[in-house]
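What follows is a single structure, written as structure tokens, with notes after it.
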Amino acid sequence: MSGLNLVLADIKYKNEYLKFISECRDDIKKTGFDSVIPLSSEATVEADIKRLNDYHAGKNLPQGWVPASTYWLLESNSRIIGTVIIRHRLNKSLEHRGGHISYYIRPSERGKVYGAKMLSLALDRCRDLGIEKVLITCKKDNLPSRKVIEKNGGVLFSEGIDGFDTIQRYWIYL
């Protein structure tokens, strides 16, 4: 697990990000992460990364969105293993589903404890933002995500139905 770093989305990792998207595109669509992870192509990648950086700065946010920082988990400062989005604050919608943090590990790297490490590093970034209590949600049937949250101190406080999904809400106290 050494050699792992969280870095803000940056154009200097453009080629690695395109490789990441190429591997993950179908899975991202299937899991619904396409609303938070741009499915960049060679033609759109620079604009997509600029948009992520704007969101980090709180600029040009879509209606109902809050400022959010997108980080990439890099292995040895090159290969993108996963991505984590940290929302700087909550709104009513995020209190129900989404929370402060969403994360995604590329399919070829799942089951290797990268998720737990990435969430741990993301919690350090939350501390830097002054967030003292982090909300993370996941589908009840997503056992790997539940394990990652619980390994990082997540305490289940509620469940709710959203469409056909049962959503669990966890707090992590920093």
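The values are calculated or read from the model by the stated rules, or taken from the named source; none is laboratory data. Given the structure is predicted, the values throughout are model-derived calculations rather than measurements. Note that each Cβ is placed from the backbone with ideal geometry, even for glycine, and that neighbours are counted across all protein chains shown. Surface areas here come from the heavy atoms of the whole protein model, side chains and all, with no ligands, DNA or RNA. Shrake-Rupley method; radii C 1.70, N 1.55, O 1.52, S 1.80 Å.
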(Q) On a straight-distance basis, which lysines could pair with Lys19 in a cross-link, Cα separation under 20 angstrom, same-chain partners fewer than 8 positions away excluded? (A) Lys29, Lys30, Lys50, Lys112
Q: For region 50-128, would you read off the P(r) tail past 18 Å as a percentage of all alpha carbon pairs?
A: 44
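Divide by every residue of the chain the summed helix terms, -39500 (n - 2.57) for each DSSP H run of at least 4, and state the resulting mean residue ellipticity at 222 nm, rounded to the nearest 500 deg cm²/dmol.
The helix-only estimate for the chain comes to -10500 deg cm²/dmol at 222 nm.
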Q: Please say if region 8-57 is rounded, prolate or oblate, where rounded means a/c under 1.5 for a ≥ b ≥ c the square roots of the C-alpha gyration tensor eigenvalues, and otherwise the choice is prolate for a/b larger than b/c and oblate otherwise?
A: oblate
Q. So, in nm, how far is label Glu132 from label Asp27 when the simple model puts each one 7 Å beyond its Cα toward the Cβ?
A. 3.7
Q: Report Lys59's accessible area, 1.4 Å probe, all protein chains in place, as a number in Å² to the nearest 10.
A: 110
**Q.** Rounded accessible area per residue of the chain, 1.4 Å, Å²
**A.** 51
Q: Please give the net charge around Arg146, taking every other residue with its beta carbon less than 12 angstrom from that of Arg146, where Lys and Arg add +1 and Asp and Glu add -1.
A: +2
Q | Mean shadow area of region 79-174 over all directions, Cα convex hull, nm² | A | 6.1
Q: Report the GluC sites (Glu not before Pro) located in region 129-174 that are in a DSSP loop and have at most 16 other Cβ atoms inside 10 Å of their Cβ, or state none.
A: Glu132
Q: Taking the Cα atoms of region 1-134, report the difference between the largest and smallest coordinate on each principal axis, in whole Å and largest first.
A: 34, 33, 28
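Considering only DSSP states other than H, G, I, E and B, which GluC sites (Glu not before Pro) in region 1-103 qualify as loop sites with at most 15 other Cβ atoms within 10 Å?
Working: sites: Glu16, Glu23, Glu42, Glu46, Glu75, Glu95; in loops: Glu42.
Passing sites in region 1-103 are Glu42.
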(Q) Can you list the DSSP H helices in the chain whose Cα atoms extend at least 20 Å along the helix axis and whose mean Kyte-Doolittle hydropathy is -1.0 or higher? (A) 114-128
Q.
Please list, by residue number, every one of the chymotrypsin sites (Phe, Trp or Tyr not before Pro) in region 102-174 that is coil in DSSP and has at most 12 other beta-carbon atoms within 10 Å.
A. Phe164
